[in-house]
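Q: First, the structure itself, so that you have it in front of you.
The values are calculated or read from the model by the stated rules, or taken from the named source; none is laboratory data. Predicted model only: the values in this text are computed from it and were never measured. Quick reminder, even Gly has a Cβ in these numbers, built from the backbone with ideal geometry, and neighbours come from all protein chains shown. In case anyone asks, the SASA skips ligands and DNA or RNA and just uses the protein heavy atoms, side chains included. Shrake-Rupley method; radii C 1.70, N 1.55, O 1.52, S 1.80 Å.
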Amino acid sequence: MRMTDFASLLVPDRGQKARPIHLVDKNSFEGWLKKRPVEDRALLAAHRFDGKTQHAFAIFPRGNEFEVAAAVKDSKKLSPWCLAALAEKLPEGTYKLADGDPDLAGLGWLLAQHRFDAYRSKAKDDRGPRVLVSQEPAKIEPVVKLAEATALVRDLVDTPAADLGPAELEKAAADLANRSGAQLRVTSGAELAEGYPLIAAVGGAATPERAPRLIELEWGKPDDPRIALVGKGVCFDSGGLDLKPAAWMRIMKKDMGGAAHVLALAGLIIEAKLPVRLHLLIAAVENAVSGAAYRPGDVVKSRKGLFVEVDNTDAEGRLILADALAKAVESKPELIIDFATLTGAARTALGPDLPATFVNRDDLASDLESASREVDDPIWRLPLWEPYDEHLKSDIADMSHTSGNAMAGAIYAALFLQRFVPPEIPWAHIDTWAWRDPGKPGRPKGGDALGLRAVFAALEARYSRT
Ligand code: BES
Ligand code: ZN
Ligand code: ZN
C-alpha cells in the first residue's frame, strides 16, 4: 500500500513564503473584521461571509497571490477537523495560520489529503500538495504519526475482502514487527484447532489460502508493565450459515476494523516508545459458507475450557475474541483493550460516530473518557449490566453466545466477552463501526478510525515517562 507522505505536508516554519490563513469564529469575527482593509471587508460582505458558517472560507487577492479567511467553531481551541475542508478545497501551495499554531488541527489538514487510489486507473485528484507550516516543530511529528495511523486503518478497511484476507492481515502485522524489532507469532492449522477451537470453528469454512489464524506480536522490555491489545479480524463477514441480508453484507469487508485499530494503535505505542510490554493479538478469520462451516447448535469447547453453544453463526466476532482474550489473560497483563466491529446493536444505540465502550473499572472508564474529550475523538460508555448475564444460558452447554433476545445486543456481546476476562484485570471493550457514511471534511465515506486516538491518548497519559 502506498502511504501519503504526510511529513511533507506539515513542515516547520523556516520563513518560507506562505499564504496566511485567518481563522475566525462567531466571537472574534466582528473585532477581526474591523481591522481588515476596506476592500477585504467589501469582499466579505459580497460573499455574506459572517464567520459563523462552519467550513465557509473567503479568498482575498494580493497581486498574484492571496490570503484566506476561514470560519471555525472556536479559534482559541482548534478541533482536529477545522482545517480539513480548507485543505480539501485550496489550490496547491504553502499556507500558514495568521495567528497561532495548528496543533491537532494539523491532523485534518493532513488526512484531507489522504487518497485511496489503489483501485483507480487515474488518480481522482491530481492537485499538488497543500503544505501547512507550523511554528512549533515539536508538535509536528506526533500529528504526522496520528495521520499515518488513521490512514493505515482507513486503507486496511477500504481494501476489498478479496485482497485482504487473514494472510494479508498477517502481513500487515509482520510489516510492523519487521519495522520495530517486535516478535511475531502466528498460530494456524492443527495448532489452532487444538489451542483456539473457537477461532478454528468460525474460520473453518474459508478456503485454505484464507485459513483462520491467531496473529500475535510482542514488543517492549519484559519488565515494563504488560498490556494486551486484542482485535477482531473478520476479513469478511457473510454471516456464515445464518447469512446476512444483502444490505448489511455489502459493507462487511470492514469487519476486520478492530484488527486495523489495534495494529495502528500498536504502531503508535511502538513509535512513541511507551514503556510497556505490549502483547498484540489479532484473531483473523473469514466468516464464510461451505460444507465445513460451523453450524447453529454446534457446541465448541473454548480455549478457556467453557463449552459454548453456537446460537447464530453471524455472532462470530465474540467467539473468536473469546479465545484471543483467554490467551491474553494467561500472561496476566495489567490492562486489556479490545477493538471490534462487534454488533449492529451498538450502532442502533449510539449511531455511527460513537464507539460503545464497556469497561470493568470506573477509573479506567474515566481516564478513557477524559482522553477522548482531550483529543476530540468521542467514545461513549455503556454498562456491563450484570443482571442480563444470566440470559447467556444454553439448554445443553455451559453457555450460549447470544441471549436470543432482540434487545441490548451490544451489552450481551460485551457480557459474553467478560466471561473470558477475570475481574481482577482492568479491561476495556470498544465496539466501533470503523466506518464513516456519509463522509465529512477530511473523513471520506468508507473505512475510518474511531476511538483510536482516544485510547492512544489515554495510554500516553498513563505510561508516558515525562
Ligand atoms: N459484524 C457484525 C456486526 C455489525 C453489523 C457491525 C453491522 C456493524 C454493522 C457482527 O458479526 C454481527 O453480525 N453481529 C450480529 C449479532 C447477532 C446475530 C446476535 C448483530 O449485531 O446483528
Ligand atoms: Zn457477524
Ligand atoms: Zn462480524
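Q: Considering only segment 304-320, I want to know if a residue exists there that is under 26 Å from Glu168 (Cα atoms), away from ligand 2 (no atom under 16 Å from the Cβ) and in contact (Cβ under 8 Å) with a residue 24 or more places away in the chain.
A: no
Q: Let me ask something additional. Tell me, which residue of segment 240-249 that is part of a helix (DSSP H, G or I) and touching a residue at least 12 places away in the same chain (Cβ under 8 Å) is farthest from ligand 1 (Cβ to nearest atom)?
A: Taking the candidates together, the pick is Met249.
Q: Which condition number in (1) open to solvent by less than 40 Å² (accessible area, probe 1.4 Å); (2) assigned to a loop (DSSP other than H, G, I, E, B); (3) out of contact with any Asp or Glu (no Cβ under 7 Å at 6 or more places or on another chain) is the one that Lys393 fails?
A: (1)
Q: While we're looking at this one, here's another question. In the set Gly257, Gly239, Gly297, which member is within 13 Å of ligand 2 (Cβ to nearest atom) and more than 17 Å from the chain's Cα centre (by Cα)?
A: Answer to the check: Gly239.
Q: Closer than 24 Å to Ala167 by Cα and out of contact with any Cys (no Cβ under 7 Å at 6 or more places or on another chain): which single residue out of Lys301, Lys221, Lys253 fits that description?
A: Checking each option against the conditions leaves just Lys253.
Q: Out of all the residues in segment 225-232, is one or more among the aliphatic types (A, V, I, L, M), surrounded by fewer than 20 Cβ atoms within 10 Å (Cβ to Cβ) and under 22 Å from Leu335 (Cα atoms)?
A: Within segment 225-232, not a single residue is among the aliphatic types (A, V, I, L, M), surrounded by fewer than 20 Cβ atoms within 10 Å (Cβ to Cβ) and under 22 Å from Leu335 (Cα atoms).
Q: Go through the residues of segment 44-52 one by one and say whether even a single one is touching a residue at least 12 places away in the same chain (Cβ under 8 Å), surrounded by 17 or more Cβ atoms within 10 Å (Cβ to Cβ), over 35 Å from the mean Cα position of the chain (by Cα) and assigned to a helix (DSSP H, G or I).
A: yes
Q: I need the full set of residues from segment 400-428 which are within 16 Å of ligand 2 (Cβ to nearest atom) and of a type outside the set (Gly, Ala, Ser), in order please.
A: Those that are within 16 Å of ligand 2 (Cβ to nearest atom) and of a type outside the set (Gly, Ala, Ser): His401, Thr402, Tyr412, Phe416, Leu417.
Q: Among the residues of segment 245-255, is there at least one that is more than 16 Å from ligand 3 (Cβ to nearest atom), within 26 Å of Gly451 (Cβ to Cβ) and either aromatic (Phe, Trp, Tyr) or surrounded by fewer than 24 Cβ atoms within 10 Å (Cβ to Cβ) (or both)?
A: Looking through segment 245-255, none of the residues is more than 16 Å from ligand 3 (Cβ to nearest atom), within 26 Å of Gly451 (Cβ to Cβ) and either aromatic (Phe, Trp, Tyr) or surrounded by fewer than 24 Cβ atoms within 10 Å (Cβ to Cβ) (or both).
Q: Just give me the residues in segment 409-466 being open to solvent by 30 Å² or more (accessible area, probe 1.4 Å) and among the hydroxyl-bearing types (Ser, Thr, Tyr), in sequence order.
A: Across segment 409-466, the qualifying residues are Ser464, Thr466.
Q: Quick one: how many residues across segment 321-361 are polar (S, T, N, Q) and away from ligand 2 (no atom under 16 Å from the Cβ)?
A: 3
Q: Of all residues in segment 269-292, how many are assigned to a helix (DSSP H, G or I) and surrounded by fewer than 21 Cβ atoms within 10 Å (Cβ to Cβ)?
A: Number of matching residues: 1.
Q: Report, ordered by the first and then the second residue, all pairs with beta carbons closer than 6 Å, sequence separation of six or more or different chains, a first member in segment 250-271 that is at positive phi and within 11 Å of ligand 1 (Cβ to nearest atom), and a second member that is modelled with pLDDT of 95 or more and of a type in the set (D, E, K, R).
A: Filtered contacts from segment 250-271: no entries.
Q: Looking at this structure, is Pro91 surrounded by 14 or more Cβ atoms within 10 Å (Cβ to Cβ) and either over 22 Å from the mean Cα position of the chain (by Cα) or not in a helix (DSSP H, G or I) (or both)? Steps first, answer last, please.
A: Values: surrounded by 14 or more Cβ atoms within 10 Å (Cβ to Cβ): no; either over 22 Å from the mean Cα position of the chain (by Cα) or not in a helix (DSSP H, G or I) (or both): yes.
Taking the combined requirement at face value, the residue does not satisfy it.
Q: Are there any pairs, at least 6 apart or on different chains, whose C-beta atoms fall under 8 Å, with the first in segment 152-166 and modelled with pLDDT of 95 or more and of a type in the set (S, T, N, Q) and the second assigned to a helix (DSSP H, G or I) and surrounded by fewer than 21 Cβ atoms within 10 Å (Cβ to Cβ), and if so, which?
A: Within 8 Å, the pairs are Thr159/Glu168.
Q: Sticking with this structure for a sec: How many residues are among the basic types (Lys, Arg), more than 16 Å from ligand 3 (Cβ to nearest atom) and closer than 13 Å to Thr402 by Cα if we restrict to segment 280-319?
A: Residues of segment 280-319 that are among the basic types (Lys, Arg), as a first pass: 295, 301, 303-304, 318.
Within this subset, residues satisfying the condition of being more than 16 Å from ligand 3 (Cβ to nearest atom) are 295, 301, 303-304.
After this cut, where a residue has to be closer than 13 Å to Thr402 by Cα as well, the list is none.
Selection size over segment 280-319: 0.
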